[in-house]
Every structure is written in C-alpha cells, then in structure tokens.
Amino acid sequence: MNTLLEDPVSVGPRTIRRRSVDPNSMLFVLEWLSGDECHAIDEAGLIAGLGRRLQGIGLPIDRLTLHLMTLHPEFPGRIVAWAPGEPVEIYDHEHGTRSAFASSPLRKLMGSREPMIVGMDEKNWPWQEMDVYAGRRLVQLLVAPLCNVDGPVSAVILGTRRPGGFTLPDICVIERILPALRNTCELRVMRQAELSLFDTYIGPMTVQRILAGRIRQGEVETMEAALLLCGLRDFTELSNRLPGDRALELLTAYFEIVVPVITRRGGKLLKSMGDAILAFFPSSDTEAASSSAFAAAEAIRDDLGHFEFDGAGIEARIALNYGGVSYGNVGSRDRPDLAFIGSDVNLLTQIQSTCAVLGTSVLMSESFRRRIRTGKIRTAGFHQLDGFEEPVELFTTEP
C-alpha cells in the first residue's frame, strides 16, 4: 500500500503500461461537477455520470464507489456503487449493525484522511471480502478520503482491472478532480443531513415552514383538522420510579408504537413533549380526516394493550377533537419556537386531562363525534373543564 504521492510503478514486480491522459480533458469533468446538471441529479445520477466521464477521458475505471458518511440518526453511512454497463447499487448501513463496512480497511483509511493506492492482493487489506468489490477481478484501488470542513469524512474509491493499475498521469488527473468531487458530495451530504435532522428532531411540518422562509417572529397560520393528543398513563409516576435510562427506554418503545400508527393513517406530528404527542389529520373531507384519527386512536390502544414494560402493561390517554389550530413562531428573537394555540387546542388538552379523571383511554368532543360514523360511541357526560364557562359533553368508545 502506498500514498498517492508515491509512484505505483515501484510497487511489486508488475509492469505498468504507460498511458497519458490529456490534462485539459479533466476540465470537461470539472465543469460538469460544478454545473447545474450535476447539482440537480441524485446520488445515482452523480456516480453514473462521473464514471462515464472519467472513462470518456481515458481513465481505466472498472469500479467506482462513493462512501458517504451522514448525520442520519438511523443510517450513518451509504455506499453508492457504479460499474460500466451495470445499474447503480445503493446500500445503507444502520447504526449498531455488524457489516463488512464497519470492520473494513476503508474505515481505517478514512480515519487517516490520507489518499492511498491499495493492491487487491495485499493481505492486510482484505478488500475482496467487501461485497461491492468481490469477484470483479480488480487489481488495484485508489482510495481518496473526501474531507469536509467539518463533520464525518466520506470517501471515493476507484478500482481498475488494468494490469499494473493506475499510472502517475492517471493519478494526477484524479487528484485534480477530487476537490470538486468533495465539494459536490459535501453539499449533498449536508443537505441530506439538514433535511433528515430537521425532520427527525423538529417534525416535517416545522421543516416545511422553515424551508419556505416562514421564520419571522409572530407569523401565524390557521388550519382546520382532526386533532389527536396522546400521552402515557401515569408517566410522571413511572419516570420518578424508573432510572433515567429505563425511563428513556420506555419512551422510545412507546413512540415506536404510537408514531407509526399515526403516520400510516395520514396523520402529521405537530409536536412532542415528554410523553405527549400532538398530531393532526388534514383532509378536505372532514369525515375522512376524523375517521382516520379515530382509527389511529383505536389502533394505538390495541397495540399498547399487547405491550409490556418491566412486566407491566402500559396504557395511553387519547383525546380527539375537530377544529382550528393556529401555529406560528413565538419565543425570543434568538430562540424561536413553533407553538400551536387556539380554543380547540385548549379543549383537546382538557379532554386529555379528563381521561385520567374518568380512567378512560379515549375521549372525544362533540365536534369530533358527529364527524365519524360508528355505533360504538356513547356519552361520557358533561364536565366542567378549566378555561371553559359551560360544561362540555364528552364521548367515549368504552362501556
């Protein structure tokens, strides 16, 4: 193994056939990497376009892979692989999985941040064990880390079958192209990280507002939808009793059940705080939206009925309402937040609190009840709710 600054001619007894690549031809590749066409295509289009262009200027490329390290909470790495005449392959690696990539020499080379030439037959670097290179009769790999200003280091690997491997003119051309490729990949990785982290930690609705430029303090929008508020029964008591790590495990398991149920039925998460999940179900058909929210509430109750934590069952307290919600930027200038307010949100909160008083899993408002068609609904009586002058009739599905 040797760095790119060394002449690969000196490695082993191989005889390298010299072949020149016109240095001016790399300008064709550089212009493409920095142009609008490259900016607009996805990762598969990027690697396929790059591979074809590198071959077109005379480089002996028989395998080209991008190893993109991300900030995604589930997938820390992605491999995008190309070979002439084959479809592009994409592999995502999950956190915690033991894969060839996790223990591969590539991870060590990326950690060194130094470009290197590696022979496929070098015993200390078992590249043939990695699926993306196995069985391809490659003789040499050129490994180049793509070092960003900050964040994780990605890499590009160029493989060749040509006897003797890459020549110095080949390497010189590749080295000239690497900065432009690094910038292109960095933009993609950071953009993807921005979207995935925003979506994961602040929710898709907030992301849409931010990316649309609606970030001024005091900007408010209003919509009508079916609203669902779900919380764990006796979570405060549980969190006080359990060690911190166990309480987090409980919350994680709870969210893993509840959130997919909501999203599968068309619900959108508005906000989560502690064990509480606020979601809305948008639709031009108010009955369809309410029916979806009702189906989600029933499914949450049923799914949690089959779940135990530390040998004990857990239950949710779910409130349903149909009405308007106003959302907008509040808080200080240097620390804004997206708030959801309105009388219907207040009613939803009070309904959810009343679940605990009545020992009921699901309660709904009259506005919600008349938008769904089911014979399972019965009145739970009139209740004096905080902030409301008149008693409010609530409804439930339980006997």
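Read the figures in this text as sums done on the coordinates, not as results from a lab. Bear in mind the structure is a predicted one, so any value in this text is a computation, not a measurement. Glycine gets a Cβ as well: all are built from the backbone with ideal geometry, and neighbour counts include every protein chain shown.
In this simple spin-label model, placing a label point 7 Å from the Cα along the Cα-to-Cβ direction at both Asp42 and Thr374 gives a separation of 3.7 nm. Full extension of the chain segment joining Glu308 with Trp32 gains 93.8 nm, where the gain is 0.36 nm per residue of separation less the Cα-Cα distance. Averaging the sequence gap over all C-alpha pairs within less than 8 Å and six or more residues apart, then dividing by the number of residues, gives the stretch 244-321 a relative contact order of 22 percent.
Here the simple spin-label model places points 7 Å from the Cα toward Cβ, and for Phe388 and Ser25 these points are separated by 7.6 nm. Remark: spin-label model distance Ser284-Arg246 equals 5.2 nm, labels positioned 7 Å along the Cα→Cβ axis.
If you plug the beta carbon distance of Lys268 and Ser343 into 1/(1 + (r/R0)^6) with R0 = 22 Å, you get a FRET efficiency near 0.60.
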